[in-house]
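Contents: one structure, followed by commentary.
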Amino acid sequence: MRKLKIVSNALLSLLFLGTIISCVSTSGKKHESQITLTFAGDIMAHGPNVKGRFSEIYEDIKPILDESDLNFANFETPVTESKPYSGYPFFNAKNEYAQAAIDAGFNVFSLANNHSNDQMAEGLNSTRDFFASKKNIYSAGIKNKNNDPLTYSLIEKDGWKILFVAVTELVNHGESTSLMDYYPWSRKSWTKLKEDLTSLKDSVEHDMFIVSFHNAEEEYVLSVEKSHLKLYDEIIELGADVLWINHAHVPKTWKVLYDENNIPRKIIFYGMGNTISAQRTKPSWDMPDSPRDYTGDGFLATVKFEKQKDGIRIKQLKPYEITTYITKDKFYFIRLMNDETIQKLRDSKETKWADYLSERKKIVDKIKGIEIWQ
């Protein structure tokens, strides 16, 4: 196994500065050796999120998703058409809500999280079947039968074979967990997880191995538990190329791992935050650094990979800060949290929102360290 070293975000920008290349040739055709992936966080279905106008939720980020070959999201609600919409603590969404995420450009979904079995076996089966019924849409995390082996998707895209799995170590109740890729928080369970991941990696031919991990860490905490840090490094060492972690509902940092030749090979996302939710229903206008206000923000991260004889390399990483904006008529939409958005709010006389997001942007800037790939 190639020995890797972890490089901080600040140093990352310096080491990558001379390596950014375009994935478009002079003829305008995409290099077959390159692929672009975008990773998001949690798509929630709180009451305000399911009021309607679903396509408008994603309008601000759709151009980013359109530029990527594959777009990953953690879909943190069952999709059960036969049941009504339901918010916290036992979520449920209907097909149209999930379809809006697909129409926006998300095409790879983690279905393993602590809300997966909120509607028990019926919800698990209907959620799995909904995504499985969609052409060129991929998912993992829900089994076909009780106690089946670890599920996975093998995504074949533009000459790449991408092996994708999604697991959770947390559930909100014990019903129907045998239908889930569920590894309860324990040392014994972690050992079994690593064994199953290794077995799958060795048995399925692939170019890239992506693991979605829904952890059992405390929610709304920006730091990462030391015990999990060790586990995450072990998952990378056993062969994962991307470890994409969620659950805390707040944006966290990431780390790129280089080999002994200073070539960036692998990446760990420690938490992308919420992509869309209604956990921040009342922004703290005068105290924007309040803990609950972090739940309104998240990251998108676009990563460009290149396949070479010596393995895959990360050629470009571009993070985007996103936020949940609440309209005057109480609809919850995603907005890019950047200077352009803030200026538009000022121009439309929404000074309170402009001032608030200006401060939130300063706060989130510190989480990601510095802006890279600009």
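The values are calculated or read from the model by the stated rules, or taken from the named source; none is laboratory data. It should be emphasised that the depicted structure is a prediction, and the values quoted were computed from it without experimental measurement. No Cβ is skipped: glycine too gets one built from the backbone with ideal geometry, and neighbour counts run over all protein chains shown. Side chains included, ligands, DNA and RNA excluded: accessible areas come from the protein's heavy atoms. Shrake-Rupley method; radii C 1.70, N 1.55, O 1.52, S 1.80 Å.
Quick check: is even one residue across segment 324-333 farther than 20 Å from residue 60 by Cα and open to solvent by less than 60 Å² (accessible area, probe 1.4 Å)?
no
Has segment 324-341 got at least one residue that is more than 29 Å from residue 75 (Cβ to Cβ) and in contact with a Pro (Cβ under 6 Å, 6 or more places away or on another chain)? No. Among the listed residues 367, 263, 268, identify the single one that is open to solvent by 20 Å² or more (accessible area, probe 1.4 Å), within 30 Å of residue 239 (Cα to Cα) and in contact with a Lys or Arg (Cβ under 6 Å, 6 or more places away or on another chain). Residue meeting the stated conditions: 263.
Which residue is surrounded by the fewest Cβ atoms within 10 Å (Cβ to Cβ), if the candidates are limited to segment 237-260 and must be closer than 24 Å to residue 75 by Cα and of a type in the set (Gly, Ala, Ser)? Give the steps one after another, and end with the answer.
We begin by selecting, within segment 237-260, every residue closer than 24 Å to residue 75 by Cα; these are 240-255.
Going one step further and asking which of them are of a type in the set (Gly, Ala, Ser), we end up with 240, 248.
On the way: 240: 23, 248: 25.
So, considering only residues that are closer than 24 Å to residue 75 by Cα and of a type in the set (Gly, Ala, Ser), the one surrounded by the fewest Cβ atoms within 10 Å (Cβ to Cβ) is 240.
Evaluate segment 244-264: report whether one residue or more is among the hydroxyl-bearing types (Ser, Thr, Tyr), touching a strand residue (DSSP E or B) at 6+ places or on another chain (Cβ under 8 Å), modelled with pLDDT of 95 or more and assigned to a strand (DSSP E or B). Checked segment 244-264: no residue is among the hydroxyl-bearing types (Ser, Thr, Tyr), touching a strand residue (DSSP E or B) at 6+ places or on another chain (Cβ under 8 Å), modelled with pLDDT of 95 or more and assigned to a strand (DSSP E or B). Comparison of 361, 315, 352 shows that the only residue that is open to solvent by 50 Å² or more (accessible area, probe 1.4 Å) and either under 24 Å from residue 72 (Cβ atoms) or assigned to a helix (DSSP H, G or I) (or both) is 352. Residue pairs whose Cβ atoms lie under 9 Å apart, sitting 6 or more positions apart in sequence or on different chains, and linking a residue in segment 316-339 that is free of Cβ contacts under 8 Å to residues at least 40 places away in the same chain and farther than 30 Å from residue 33 by Cα to a partner that is part of a strand (DSSP E or B) and open to solvent by 50 Å² or more (accessible area, probe 1.4 Å), are 323/335; 325/335; 338/320.
Residues in segment 155-176 that are open to solvent by 60 Å² or more (accessible area, probe 1.4 Å), farther than 17 Å from residue 125 by Cα and not charged (D, E, K, R): 159, 172. Contact map, segment 59-79: first residue in contact (Cβ under 8 Å) with a residue 40 or more places away in the chain and open to solvent by 10 Å² or more (accessible area, probe 1.4 Å), second residue among the charged types (D, E, K, R) and not in a strand (DSSP E or B), Cβ cut-off under 9 Å, separation 6 or more or different chains; pairs are 62/103; 69/158.
Filter segment 177-214 down to the residues that are of a type in the set (Ser, Thr, Tyr) and crowded, with 22+ Cβ neighbours inside 10 Å, then identify the one that is nearest to residue 229 (Cα to Cα).
212
Between a residue in segment 24-44 that is basic (Lys, Arg) and any residue that is at pLDDT 55 or above, which pairs come within a Cβ distance under 8 Å, given they are 6 or more apart or on different chains? Note: pairs meeting the criteria are 30/158.
Across segment 46-96, the qualifying residues are those that are in a loop (DSSP other than H, G, I, E, B) and among the polar types (S, T, N, Q), and the one among them that is farthest from residue 180 (Cα to Cα) is 68. Looking across segment 131-166, the residues that are part of a loop (DSSP other than H, G, I, E, B) and either in contact with a helix residue (DSSP H, G or I) (Cβ under 7 Å, 6 or more places away or on another chain) or closer than 17 Å to residue 117 by Cα (or both) come down to 134, 137, 141, 143, 144, 145, 146, 147, 148, 150, 151, 152. The single condition among (1) outside any loop (DSSP other than H, G, I, E, B); (2) open to solvent by 10 Å² or more (accessible area, probe 1.4 Å); (3) in contact with a strand residue (DSSP E or B) (Cβ under 9 Å, 6 or more places away or on another chain); (4) not β-branched (Val, Ile, Thr) that residue 234 does not satisfy is (3).
Within segment 104-120, the only residue that satisfies the criterion of being out of contact with any Leu (no Cβ under 8 Å at 6 or more places or on another chain) and over 20 Å from residue 94 (Cβ atoms) is 112. Here the condition is being crowded, with 17+ Cβ neighbours inside 10 Å and over 20 Å from residue 163 (Cβ atoms); of 225, 217, it holds for 217 alone. Consider segment 97-128 and keep the residues that are of a type outside the set (D, E, K, R), assigned to a helix (DSSP H, G or I) and more than 19 Å from residue 333 (Cα to Cα). The one that is most open to solvent (accessible area, probe 1.4 Å) is 120.
Which residues, counting only those in segment 35-45, are within 20 Å of residue 321 (Cα to Cα) and assigned to a loop (DSSP other than H, G, I, E, B)? Of everything in segment 35-45, just one residue is within 20 Å of residue 321 (Cα to Cα) and assigned to a loop (DSSP other than H, G, I, E, B), namely 44.
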